[in-house]
Amino acid sequence: MAPGKAPAIGTDLGTSYSRIPVFRDGKVEVIPDELGNGNIPSYVAFTDTERLIGSAAENQAYINPRNTIFDVKRAIGRRFREDAVMAGKKHWSFNVVNRQGKPMFQLDDMGQSMTFAPKEISAMILTKMKEIAEAYLGHKATEAVVTVPAHFNNAQRQATVDAGVIAGLKVLRIINEPSAAALAYALDNKRLNKRILVFDLGGGKLDISIISIENDRIEVNSTIGETHLGDEDFDIRLVNITI
């Protein structure tokens with residue numbers, strides 16, 4: 001980082017929860033939201049009077065289910081007929097419509113019927129994260145490094161970059177989540193020469209990667225992912241078993 005230049009923020013834009021790390025003074029800090037939470041719900045809600053993002057959106061989801069968007073990461077950069085979108089539609093409480101082959105979220109925004117693309121909803125979450133980071137750091141946040149699942153294709157990665165641009169962030173780099181985990185591990189264990197297994201179980205997916213670390217060099221040897229094998233999927237299965 002150049003002298004006097006503000007550090008780029010990290011954005012872990014998760015299916016269920018998101019986090020904002022920043023590297024400064026030789027260490028990584030996870031920036032909390034206004035409630036002191038390091039995990040920020042990846043929720044956006046629309047009411048008759050305002051738009052809510054994060055904890056405020058999650059807290060009112062049960063009384064405003066049709067206008068509260070979550071799991072947007074499962075739809076970003078995808079086509080409407082893809083299995084991940086069709087599977088999501090089975091349990092999403094909000095309406096998803098087909099617009100020229102792409103999924104769009106249809107809802108009421110302050111009394112008006114509106115449709116938003118997944119990347120636009122993601123941009124709202126990123127904007128909230130940007131505002132939280134700026135309040136914590138005391139300066140503008142203009143650049144970001146964004147993590148994505150290892151199995152994301154080019155369309156999903158580009159849609160994530162587009163969401164960052166809409167949010168007013170220059171996306172410096174897209175990093176696979178297992179690679180980011182390996183980087184964090186290597187920072188605390190310098191001068192390593194070993195192969196590690198990264199088991200990344202999130203709110204909406206599972207990625208497993210084998211990564212080689214040789215001193216300061218990190219290489220992903222192999223990776224595999226499943227988009228519907230996360231915490232939320234376990235919850236859904238348990239509810240179905242109970243019913």
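The values are calculated or read from the model by the stated rules, or taken from the named source; none is laboratory data. What you see is a predicted model, and the numbers here were worked out from it, not measured in a lab. Counting neighbours? That spans all protein chains shown, and the Cβs are built from the backbone with ideal geometry, glycine included.
Looking at region 132-167 only, could you name the residues that are part of a loop (DSSP other than H, G, I, E, B) and surrounded by 14 or more Cβ atoms within 10 Å (Cβ to Cβ)? Explain how you work it out, then say what you get.
Applying the first criterion (part of a loop (DSSP other than H, G, I, E, B)) to region 132-167 yields 138-142, 149-153, 167.
Of everything in region 132-167, those that are part of a loop (DSSP other than H, G, I, E, B) and surrounded by 14 or more Cβ atoms within 10 Å (Cβ to Cβ) turn out to be 141, 142, 149, 150, 151, 152, 167.
Output the residues belonging to region 3-52 that are modelled with pLDDT of 90 or more and of a type in the set (Val, Ile, Thr).
Of everything in region 3-52, those that are modelled with pLDDT of 90 or more and of a type in the set (Val, Ile, Thr) turn out to be 9, 11, 20, 30, 31, 40, 44, 47, 49.
Does region 97-116 include one or more residues that are hydrophobic (A, V, I, L, M, F, W, C), at pLDDT below 90, assigned to a loop (DSSP other than H, G, I, E, B) and over 19 Å from residue 227 (Cβ atoms)?
Kept after step one, since they are hydrophobic (A, V, I, L, M, F, W, C), are these residues of region 97-116: 97, 104-105, 107, 110, 114, 116.
Restricting the remaining residues to those that are at pLDDT below 90 gives 110.
So of that shortlist, the ones also assigned to a loop (DSSP other than H, G, I, E, B) come out as 110.
The next check asks that each one be over 19 Å from residue 227 (Cβ atoms); those that pass are 110.
Scanning region 97-116, I find at least one residue that is hydrophobic (A, V, I, L, M, F, W, C), at pLDDT below 90, assigned to a loop (DSSP other than H, G, I, E, B) and over 19 Å from residue 227 (Cβ atoms), so the answer is yes.
Quick one: in region 48-90, of everything that is over 25 Å from residue 19 (Cα atoms) and not basic (Lys, Arg), which residue is surrounded by the fewest Cβ atoms within 10 Å (Cβ to Cβ)? Reasoning before the result, please.
Kept after step one, since they are over 25 Å from residue 19 (Cα atoms), are these residues of region 48-90: 48-49, 63, 66, 79-83, 86-87, 89-90.
Now drop any that are not not basic (Lys, Arg), which leaves 48-49, 63, 80, 82-83, 86-87.
Details: 48: 10, 49: 7, 63: 9, 80: 17, 82: 15, 83: 10, 86: 12, 87: 15.
Restricting to residues being over 25 Å from residue 19 (Cα atoms) and not basic (Lys, Arg), the top hit is 49.
For region 17-37, how many residues are closer than 12 Å to residue 54 by Cα and either of a type in the set (Phe, Trp, Tyr) or touching a Gly at 6+ places or on another chain (Cβ under 8 Å) (or both)?
Adding up the residues that qualify gives 4.
Given the criteria in contact (Cβ under 8 Å) with a residue 12 or more places away in the chain and not polar (S, T, N, Q), does residue 210 qualify? First the steps, then the outcome.
Values: in contact (Cβ under 8 Å) with a residue 12 or more places away in the chain: yes; not polar (S, T, N, Q): yes.
Spelling it out, residue 210 is indeed in contact (Cβ under 8 Å) with a residue 12 or more places away in the chain and not polar (S, T, N, Q).
Can you work out which of the residues in region 227-243 that are outside any helix (DSSP H, G or I) and without any contact (Cβ under 8 Å) to a residue 60 or more places away in the chain is nearest to residue 88 (Cα to Cα)? Break it down into steps so the answer makes sense when it comes.
From region 227-243, those outside any helix (DSSP H, G or I) are 227-230, 243; that's our starting set.
Now narrow it down to the ones that are without any contact (Cβ under 8 Å) to a residue 60 or more places away in the chain: 229, 243.
On the way: 229: 12, 243: 19 Å.
Among them, the one singled out is 229.
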